[in-house]
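Following: one structure in structure tokens, then a few remarks.
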Amino acid sequence: FKQLCAFKAKNGHCNVSRNDVRNKSLGQWVRQQRMLHKRNALRLDRIQQLNSICFIWDPLEHAWNEHFKQLCAFKAKNGHCNVSRNDVRNKSLGQWVRQQRMLHKRNALRLDRIQQLNSICFIWDPLEHAWNEHFKQ
């Protein structure tokens, strides 16, 4: 735990990669804490300690939520959620938006995420949307 606190102080986060050669054992320890937590096998005092340093239990879920927050900010600024994957300033967000559309098309996107994206008027098929908008005119 002390090593993780030192890592966070240096890097600003607790997301130690198990592929990080310099922190290999710490990365493995972090992974083990997540697995124990997922299995409800981690003591409450340890959960509280890790929570106290903003430990991320599910990095993939956290990454999705961060991108969603970025998309909400993009929409607030631009009035739409149609982030181009060619937008240099928002390249990562544009790729994420494209990935959500592909997952949705393959019926591989979780319902709660579909609902979150629908709540901000996310356009699932930009070409279809553009066609419909022109047809209305």
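So for the chain, if I pair up every lysine 8 or more residues apart or on another chain, how many of those pairs have alpha-carbons under 17 Å apart? Count of close lysine pairs: 8.
Normalised by the number of residues in the chain, the mean separation of alpha-carbon contacts (under 8 Å, six or more apart) gives a relative contact order of 14 percent.
Rolling a 1.4 angstrom probe over segment 5-137 with all protein chains present gives an accessible area of which 51% lies on carbon and sulfur atoms. An ellipsoid equivalent to segment 16-133, defined through the eigenvalues of its Cα gyration tensor, has semi-axes of 35, 16, 14 Å when rounded to whole angstrom and sorted largest first.
Our estimate of slack between S92 and H104, defined as 0.36 nm per intervening residue step minus the Cα-Cα distance, is 2.5 nm. Per residue, the accessible area of the chain comes to 73 Å² when a 1.4 Å probe rolls over the protein heavy atoms.
Once the Cβ-Cβ distance of N118 and L60 is raised to the sixth power relative to R0 = 22 Å, the FRET efficiency obtained is 0.55.
Going by the alpha-carbon gyration tensor, a ≥ b ≥ c the square roots of its eigenvalues, is segment 1-67 rounded (a/c under 1.5) or, if a/c is not under 1.5, prolate (a/b greater than b/c) versus oblate? The shape class here is rounded.
Charge dipole of the chain (Cα centre as origin; +1 on each Lys and Arg Cβ, -1 on each Asp and Glu Cβ, all else neutral): 580 debye, rounded to the nearest 20.
Averaging the Cα positions of each part gives two centres, and for segment 12-61 and segment 90-121 these lie 27 Å apart. A full extension of the chain between K2 and Q70 corresponds to an added length of 21.3 nm, given 0.36 nm per residue minus the alpha carbon distance.
The values are calculated or read from the model by the stated rules, or taken from the named source; none is laboratory data. Just so you know, these numbers come straight off a predicted model, no measurement behind them. Note that each Cβ is placed from the backbone with ideal geometry, even for glycine, and that neighbours are counted across all protein chains shown. The protein model used for the area step is the full one, side chains on, heavy atoms only, and it has no ligands, DNA or RNA in it. Shrake-Rupley method; radii C 1.70, N 1.55, O 1.52, S 1.80 Å.
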